[in-house]
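First up is the structure itself, then whatever we jot down about it.
The values are calculated or read from the model by the stated rules, or taken from the named source; none is laboratory data. This structure is a prediction, so every number in the text was calculated from the model and none was measured. Note that each Cβ is placed from the backbone with ideal geometry, even for glycine, and that neighbours are counted across all protein chains shown. These accessible areas exclude ligands, DNA and RNA; they are computed on the full protein's heavy atoms, side chains included. Shrake-Rupley method; radii C 1.70, N 1.55, O 1.52, S 1.80 Å.
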Amino acid sequence: MSRVRSVVATAQPFDPATSTRRFTIGSPDGVSAVFLPPLMEKLSRTAPGIAIGIRQLLPRQGETSPVIAWKDALANLEARVMDAAIVPNEEFPARFACHPLYQEDFIVAARAGHPFAADPSLSNYCAMQHLVVSQTGDPHGFVDNILSEQGLSRRVALTVPNFMFALAVLAGTDLISALPRRFVEMHAARFGVVAIEPPLPLGTFTLNIVTQQVAMRDPGIEWLVGLLSGD
């Protein structure tokens with residue numbers, strides 16, 4: 001209740017055209033790299049004084065339950081370390097508000113001219129050397145779970161801590177990696193990296209903007225969520 005009273009008491013009239021507020025958004029870098037360019041373009045036109053801070057979010061490594069995997073992000077929201085989080089999860093406690101941002105799936109990314117592009121079969125996929133984005137260095141990812149269901153496996157030759165670094169590494173090696181489609185479509189070309197359709201379904205999911213329910217009483221945060229979601 002003290003947090004509710006604090007938000008209500010400190011709420012001020014909000015005019016994005018003149019405001020100089022700073023908002024902090026948490027998300028994986030592969031997601032930030034997708035929503036930030038259009039967001040910054042909108043801000044330059046309609047709210048030039050607004051500043052944005054980005055906090056890098058990654059799930060708890062090895063955690064298969066989405067609710068637990070993104071628990072740290074929710075804790076940061078409750079601690080008011082950030083104003084909103086964008087995560088691939090659809091189950092949240094009732095004290096959080098959830099706003100869909102976009103649908104995402106994964107493709108295989110590799111340097112232009114990579115031999116996998118000529119034979120993107122499942123057997124060839126498993127035979128390749130793989131790169132996994134892992135902040136902790138744990139090589140086991142969601143792809144390994146999908147492969148194991150079919151009695152298959154792969155060799156992870158390298159882990160890197162973020163998605164943009166992954167593109168830079170792929171550009172100069174024969175490694176391949178399962179990366180978010182929208183991220184690759186927006187940023188891979190300048191690295192000389194191409195998208196290849198995967199030989200098996202790697203899942204589709206929704207990226208959601210998550211805030212505390214009480215935070216939506218803040219006109220600034222309500223405006224930010226609307227700007228992000230296109231409402």
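If THR204 satisfies all but one of (1) open to solvent by less than 50 Å² (accessible area, probe 1.4 Å); (2) modelled with pLDDT under 95, what's the number of the condition it fails?
With respect to (1) open to solvent by less than 50 Å² (accessible area, probe 1.4 Å); (2) modelled with pLDDT under 95, THR204 is out only on (1).
From ILE52, ILE25, grab the single residue that is in a strand (DSSP E or B), open to solvent by less than 10 Å² (accessible area, probe 1.4 Å) and β-branched (Val, Ile, Thr).
Checking each option against the conditions leaves just ILE25.
Wholly within the stretch 122-231, which helices (runs of 4 or more DSSP H) include no fewer than the required count, namely at least 1 residues that are closer than 27 Å to ALA75 by Cβ and in contact (Cβ under 8 Å) with a residue 60 or more places away in the chain?
142-148, 163-171, 181-187, 219-229
Identify the single condition in (1) touching a Pro at 6+ places or on another chain (Cβ under 9 Å); (2) under 20 Å from THR24 (Cβ atoms); (3) at pLDDT 95 or above that ASN162 does not satisfy, given that it satisfies every other one.
The number of the failed condition is (3).
Within the stretch 1-24, track down each residue that is among the charged types (D, E, K, R) and either in contact with a strand residue (DSSP E or B) (Cβ under 6 Å, 6 or more places away or on another chain) or at pLDDT 90 or above (or both).
ASP15, ARG21, ARG22
So which residues in the stretch 185-231 are among the basic types (Lys, Arg) and under 27 Å from MET164 (Cβ atoms), if there are any at all?
Result: ARG190, single match.
Among the candidates ALA178, ALA195, single out the residue that is touching a strand residue (DSSP E or B) at 6+ places or on another chain (Cβ under 7 Å) and either surrounded by fewer than 16 Cβ atoms within 10 Å (Cβ to Cβ) or farther than 22 Å from ASP138 by Cα (or both).
After ruling out the rest, the residue left standing is ALA195.
Need the failing condition index for SER27 against (1) modelled with pLDDT of 95 or more; (2) within 30 Å of GLY137 (Cβ to Cβ), just the number.
The one condition SER27 does not meet is (1).
Quickly run through the stretch 85-117 and pick out the residues that are open to solvent by less than 50 Å² (accessible area, probe 1.4 Å), not in a loop (DSSP other than H, G, I, E, B) and not hydrophobic (A, V, I, L, M, F, W, C).
Listed by number, the residues that qualify are HIS99, TYR102, GLU104, ASP105.
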